[in-house]
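Below is one structure; the comments refer to it alone.
Since every read-out is calculated from the coordinates, none of them should be taken as a lab result. Worth saying up front: this structure is predicted, and the values here are computed from it rather than measured. We place every Cβ from the backbone using ideal geometry, glycine too, and count neighbours over all the protein chains shown.
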Amino acid sequence: MQGGHLVEGNSECVGKIILDYQYYSGKDMYKDGSEDELLEIVSKYDKSSYNDIISKKKSWPILYHLSEMRGNIIEWLPITGDDTILEIGAGCGAITGALASKAKKVECIELSKKRSMVNAIRNKEYSNIKINVGNFQDIEPCINEQYDYITLIGVLEYAASYIAAENPYVSFLNTIKKHLKPNGKIIIAIENKYGLKYWAGCKEDHLGTYFSGIEDYVGINNVRTFSKNGLNRLFAECGLNNVEFFYPYPDYKLPVAIYSDDFLPRTGDLFKNMRNFDSDRMMVFDESRVYDGLIKDGMFDIFSNSFLVLVG
C-alpha cells in the first residue's frame with residue numbers, strides 16, 4: 001500500500017481503477033509540464049472545485065485538462081451501458097470520466113504514467129475503467145477483444161510520433177479497425193488543417209507557429225492534421241467507408257456547439273472566435289464576418305476549426 005493506492009506486481013489500484021504498468025518503459029515520453037500541478041489539484045480537491053481552480057489559476061493547461069466542457073465532445077453520442085470503449089491517448093482523464101459515466105467499460109491506453117495517475121485519481125469513483133500505461137504499439141498485440149467504440153481525441157495527428165511505419169496514419173487506423181465490433185465506430189476529434197482560425201492569425205495548435213498547417217507542414221514529420229478531403233482519402237485507403245462528419249465550434253477542445261451536415265450554423269451564430277487561451281495570436285480579419293460569408297456560400301464544413309468524425 002502506497003499513499004492509499006494498492007500496488008501489486010505490475011499493477012496498481014487507485015480507488016476502483018486499475019493501472020497496468022507491464023508495458024511501461026519507465027519514462028514518460030509525452031508531457032506538457034503541468035502534470036505535477038494537476039496531480040496535486042486532483043489529489044486535494046474534488047471535481048466540484050475544478051471551475052473555481054480554473055478561474056483562479058488562469059492557466060491554459062489547467063483549463064484544458066480540468067474543464068468539464070471537454071466532455072461535450074462525446075456527451076451527446078448514443079453510448080449506452082452495454083457498450084465497451086477503447087480510449088487511445090487518455091491523457092489526464094477529461095474524456096475518460098465522461099465515457100465511463102455512459103459505457104459498460106472503458107479500457108484506456110496512455111503513454112504517461114503521471115498523466116494516468118491524474119486520470120485515476122480524478123475518476124477513482126468509477127469501477128469500469130482500466131488504464132494501460134505504455135506505447136500503443138507495445139500494448140495493442142495483447143488486446144484480444146473488440147469494442148463498440150474506439151476514441152482518438154486529439155491523437156491521430158501524432159501517429160507519426162509513435163507508429164513505426166511508412167504511412168503511420170494508415171497503419172494506425174488499419175490496426176485499430178481490427179479491434180472494432182462489426183457495427184463499431186472509431187471516434188476521431190482533430191483540428192482542421194485549413195481551419196479558419198489559422199488563416200485569421202492563430203498559431204498551429206501542435207507547433208505554436210503561424211501558418212504551418214496551411215503551408216502543408218513543410219519540413220515537419222512528427223505531427224500533422226488534415227483537411228476534410230484529406231481525412232476522406234485516408235479513410236478510403238483504410239477501407240473505412242462509413243463516415244459521418246461533425247463540426248465542433250469553436251473547436252473540439254472546448255466545444256459549445258457541435259454542428260452536422262444536417263444541422264449547419266446560420267449566419268450570426270459563430271461569434272465566439274477569440275478563445276485562443278493557449279497562445280498569442282494575430283488578428284488578420286474578422287472571423288465572424290468571414291464565417292457568415294462561408295455559411296452563405298455553403299463552405300463552412302471546409303473551414304471548420306475542428307472535425308469530429310465517426311468512422312465505421
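When N counts the residues of the stretch 87-151, how does its alpha-carbon radius of gyration compare numerically with 2.2 N^0.38 Å, as a ratio?
Numbers: Rg = 11.0 Å, N = 65, 2.2 N^0.38 = 10.7 Å.
Dividing the Cα Rg of the stretch 87-151 by 2.2 N^0.38 Å gives 1.02.
List the chymotrypsin sites (Phe, Trp or Tyr not before Pro) within the stretch 44-144 that fall in a DSSP loop (any state other than H, G, I, E or B) and whose Cβ has at most 15 other Cβ atoms within 10 Å.
Numbers: sites: Y45, Y50, Y64, W76, Y126, F136; in loops: Y45, W76, Y126.
Here the chymotrypsin sites (Phe, Trp or Tyr not before Pro) that fit, given the DSSP loop and packing criteria, are Y45, W76.
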Rounded to the nearest 0.05, what FRET efficiency is calculated for L310 and Q146 with R0 set to 25 Å and r the Cβ-Cβ distance?
-> 0.90
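Mind checking the stretch 85-173 for trypsin sites (Lys or Arg not before Pro) that DSSP puts in a loop (not H, G, I, E or B) and that have at most 14 other Cβ atoms within 10 Å? Mind dumping the intermediate values first?
Working: sites: K102, K104, K105, K113, K114, R115, R122, K124, K130; in loops: K102, K104, K124.
The qualifying sites are K104.
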For I131, enumerate residues with amide H under 5 Å from its amide H, sequence gap 5+ or separate chain, H modeled in the peptide plane.
-> I18, L19, D20, C108
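Over the stretch 33-73, what per residue volume does the convex hull of the Cα atoms give, in whole Å³? Show your work: numbers first, answer last.
Numbers: hull volume 2.9 nm³, N = 41.
Cα convex hull per residue, to the nearest whole number: 71 Å³.
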Given H placed on each backbone N at 1.01 Å, which residues far from V155 in sequence or on other chains put an amide H within less than 5 Å of it?
-> A189
Quick one: length gained pulling A236 to S59 fully straight, 0.36 nm per residue minus the C-alpha distance?
-> 59.8 nm
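Expressed as a fraction of 2.2 N^0.38 Å, the rule-of-thumb size for a compact globular protein of N residues, what is the C-alpha radius of gyration of the stretch 175-312?
Working: Rg = 15.4 Å, N = 138, 2.2 N^0.38 = 14.3 Å.
Normalised Rg, Cα atoms only: 1.08.
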The chain: longest stretch without exposed GluC sites (Glu not before Pro) (DSSP loop, at most 15 other Cβ within 10 Å), sites themselves excluded?
-> 1-124
Taking amide H positions as placed 1.01 Å from N in the peptide plane, with prolines and chain starts having none, which residues 5 or more places from L180, or on another chain, fall under 5 Å of its amide H?
-> Y147
Whole-number percent relative contact order across the stretch 58-103, with pairs defined as alpha carbons under 8 Å at least 6 apart = 47
Between the stretch 269-312 and the stretch 60-76, the Cα center-to-center distance that results, in Å = 19
Cleavage-rule hits, trypsin sites (Lys or Arg not before Pro), the stretch 11-95, DSSP coil, Cβ neighbours within 10 Å at most 13 | K16, K27, K31, K58
Measure out, as a whole number of angstrom, how far apart the alpha-carbon centroids of the stretch 103-169 and the stretch 206-259 sit.
-> 20
If you line up the Cα atoms of the stretch 1-125 on their principal axes, what length do they span on each, largest first, in Å?
-> 40, 35, 26
P(r) over all Cα-Cα pairs of the stretch 6-311, 10 Å bins from 0 to the longest distance, whole percent per bin, short to long, reads 6, 27, 36, 24, 6, 1, 0
So how compact is the stretch 125-202: Cα radius of gyration and Dmax in angstrom?
-> 15.1, 46
Whole-Hz couplings from phi, Karplus 6.51/-1.76/1.60, listed for the stretch 214-227; x for Gly and Pro | 6, 8, 6, 6, 4, x, 10, 10, 9, 8, 6, 9, 9, 7
Could you give the length gained on full extension between V284 and S48, defined as 0.36 nm per residue of separation minus the Cα-Cα distance, in nm?
-> 81.1 nm
